[in-house]
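Here the structure comes first, spelled out in structure tokens, and everything after it is commentary.
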Amino acid sequence: MANFNFSLQNNPEIAISEQDGVRQLHLGGSMIQSAMRIDAPNELELIYTQCMMGFLLFHPQPKHVLMIGLGGGSLAKFVYRYLPETRVTVVEPYYQVIMAAYHYFQVPKDDPRLTIVQSEGAQYVAEESISADIVMVDGFDDDYQVQSLCSQGFYDQIKQILNKNGILVVNLLSRDKHLKTLLQRIEVCFDGHIIAMMAEIRGNLIVFAFKNNPGKLSWKVIRKRARQLELHYPLPFAHFVTKLQKY
């Protein structure tokens, strides 16, 4: 196992570890922020990142995905690799996280389909003229939700930048003492059009919030779509369907 630690002034410490062929990123503590299997760098190693791609069950052909939080770039690499018609914009506040993603996690350099912006997520959403089909929010400082990325105002701004059938995808922790409050904020903002997926018991809770009512999409239709998605992506979409639950 190898371990690397480095930090820059006014930025949290970065720690990178390797064990059993998996490289992990830690930001400001021991919590795993991202993981990459070295011999499969474009696959999703962590279950919660796999579950976040569950949005494809409802929006299988997004044109633009905005990601708040880069980490090791697992989700950015997956979308870049497997959705060739999709443009990806990633917003990350910390320079050294971006550098770690480039140097240790094989994140490709910017091109017309992939842009990484160094900025604070809430500020970027508030100030930039952007729109997206999918907004993925994965913002933690060790074991805590970044406050600016879970306020009522932030969720309201996300809804505004989503396109007509857009979806907000949020990674939360089921053990977070503020979980009920965060779910209520999302529910109020999105008029109750939310569904969630527990990635693991007492682990990550992935919330999907729909800008507009998705209509009566039957479970039969969702299960059929899951089987079709599994033909194109290395993810267990049929299993994802069994995890979905109303909130």
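With angles folded into 0 to 90 degrees, how steeply does helix 152-161 sit against the dominant principal axis of the chain? Use alpha carbons for both and round to 10. With both axes taken from Cα atoms, the answer is about 70 degrees.
Put in order of Cβ neighbour count within 10 Å, fewest first, the listed residues Leu114, Leu217 become Leu217, Leu114. Partner aspartates and glutamates whose Cα lies under 17 Å from the Cα of Lys159, excluding those fewer than 8 positions away in the same chain, are identified as Glu127, Glu128, Asp133, Asp138, Glu187, Asp191.
Calculate I(q)/I(0) for the chain by the Debye formula, one identical point scatterer on each C-alpha and no solvent, and give its log10 at q = 0.10, 0.16 Å⁻¹ to two decimals. Evaluating at q = 0.10, 0.16 Å⁻¹ gives log10 I(q)/I(0) of -0.44, -1.24. Taking a straight Cα-Cα cut-off under 16 Å and skipping sequence neighbours fewer than 8 places away in the same chain, the aspartates and glutamates within cross-link reach of Lys177 are Asp141, Asp142, Asp143. Qualifying GluC sites (Glu not before Pro) in the stretch 62-168, where qualification requires a DSSP coil assignment and no more than 16 other C-beta atoms within 10 Å, comprise Glu85, Glu128.
Suppose R0 equals 30 Å; then what is the FRET efficiency for Tyr247 and Lys224 from their Cβ-Cβ distance, rounded to the nearest 0.05?
On the way: r = 24 Å, r/R0 = 0.80.
Computed FRET efficiency for Tyr247 and Lys224: 0.80.
Between Thr115 and Arg202, take the C-beta separation as r, use R0 = 51 Å, and let me know the FRET efficiency to the nearest 0.05.
Values: r = 35 Å, r/R0 = 0.70.
It comes out at approximately 0.90.
Each peptide in 179-187, 98-106, 86-94 receives the mean, over its residues, of other Cβ atoms within 10 Å, and ordering these scores from highest gives 86-94, 98-106, 179-187.
Extension gain for the segment Ile47 to Ser129, taken as residue separation times 0.36 nm less the Cα-Cα distance, is 26.3 nm to one decimal.
Quick note: the coordinates plus some simple rules give every number you see, no bench work behind them. It should be emphasised that the depicted structure is a prediction, and the values quoted were computed from it without experimental measurement. Glycine gets a Cβ as well: all are built from the backbone with ideal geometry, and neighbour counts include every protein chain shown.
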